[in-house]
Amino acid sequence: MRNTLVALAIAGVLAVLPVHAEMLSKQALPEKVSAQLMQRHPNAIDISAELKTHFKQDLYEITFKENDAEHTELYRTDGHFFTNAEKMASVGEMATTVGENLTAEFGQYFIDQSYLVVNPNGAGEEYDLVVNAGGTIWHVTIDRNGGIARKEKQ
C-alpha cells in the first residue's frame, strides 16, 4: 500500500512539471487553426508550430514562409488569429532587467533567437527567447517587467 501511494505521488509530481516544447507540423494543428492560417496566407509553405503560453493563455506559435519571407504568428486554440511575433534585430531593445534576470538564472548564456510578442488587447508585451546556456537550449518567455515568466528545456 505504501509503495502504491509513493508511486502515485511521484506520478502526480511528474504530471505537473512543464512539458518540453514540441514542434508540430501543419497536419498536427487543430482544423480551425490550420484553416484560419491558410485563409490568411494561402501561399504559406514550410509550416511548423509550437504550443506556447503568452499573456496567460495557450497559443499556437506558427512559423512559415510566404513569398521568400519568414513569418511568425500566434493563434488562439479556437483558431482565431491573436498577433504577430516580430523577430528582434537587437537584444539591446529589451530592458536591462532582462539581461540581469537571465544572468541570475543561467550564468553564462547567449540568445540564439528573440521575438517580441505584443498583446493586441493592450496588456503589454512579452519576449520569446531561445537561450543557449552551457550547451543546453532553453525556450524562455520574458514578461513586460523583464522577469522570467516561463522557461522550458528543449
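The values are calculated or read from the model by the stated rules, or taken from the named source; none is laboratory data. From a predicted model like this one, the values you see are computed outputs, not experimental measurements. A quick note on method: Cβ atoms are made from the backbone with ideal geometry, for glycine too, and the neighbour counts reach across all protein chains shown.
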| request: Specify which of the listed residues (T97, T53, T72, T83) is within 17 Å of D143 (Cβ to Cβ) and at pLDDT 95 or above. | output: T83
| query | Quick one: would you say V118 is within 14 Å of V130 (Cα to Cα) and either surrounded by 14 or more Cβ atoms within 10 Å (Cβ to Cβ) or of a type in the set (A, V, I, L, M, F, W, C) (or both)? | reply | no
| request: Please give the number of the condition G79 fails out of (1) outside the structural domain of L129 (by TED's automatic domain parsing); (2) at negative phi. | output: (2)
| query | Has segment 42-49 got any residue that is acidic (D, E), modelled with pLDDT of 75 or more, loosely packed, with under 15 Cβ neighbours inside 10 Å and outside any loop (DSSP other than H, G, I, E, B)? | reply | yes
| query | In this structure, does L74 turn out to be in contact (Cβ under 8 Å) with a residue 24 or more places away in the chain and not in a strand (DSSP E or B)? | reply | no
| query | For segment 98-109, what are the residues that are surrounded by 13 or more Cβ atoms within 10 Å (Cβ to Cβ) and either not small (G, A, S) or not in a helix (DSSP H, G or I) (or both)? | reply | V98, N101, L102, E105, F106, Y109
| message | Any residue that is basic (K, R), touching a residue at least 12 places away in the same chain (Cβ under 8 Å), outside the structural domain of L24 (by TED's automatic domain parsing) and surrounded by fewer than 19 Cβ atoms within 10 Å (Cβ to Cβ) - is there at least one of those in segment 138-150? | response | yes
| task | From E86, E100, E70, grab the single residue that is farther than 22 Å from G146 by Cβ and either in contact with a Gly (Cβ under 7 Å, 6 or more places away or on another chain) or not aromatic (F, W, Y) (or both). | result | E70
| said: With the structure loaded, tell me whether N132 is in contact with an Asp or Glu (Cβ under 9 Å, 6 or more places away or on another chain), surrounded by 12 or more Cβ atoms within 10 Å (Cβ to Cβ) and modelled with pLDDT under 95 or whether it fails that test. | reply: no
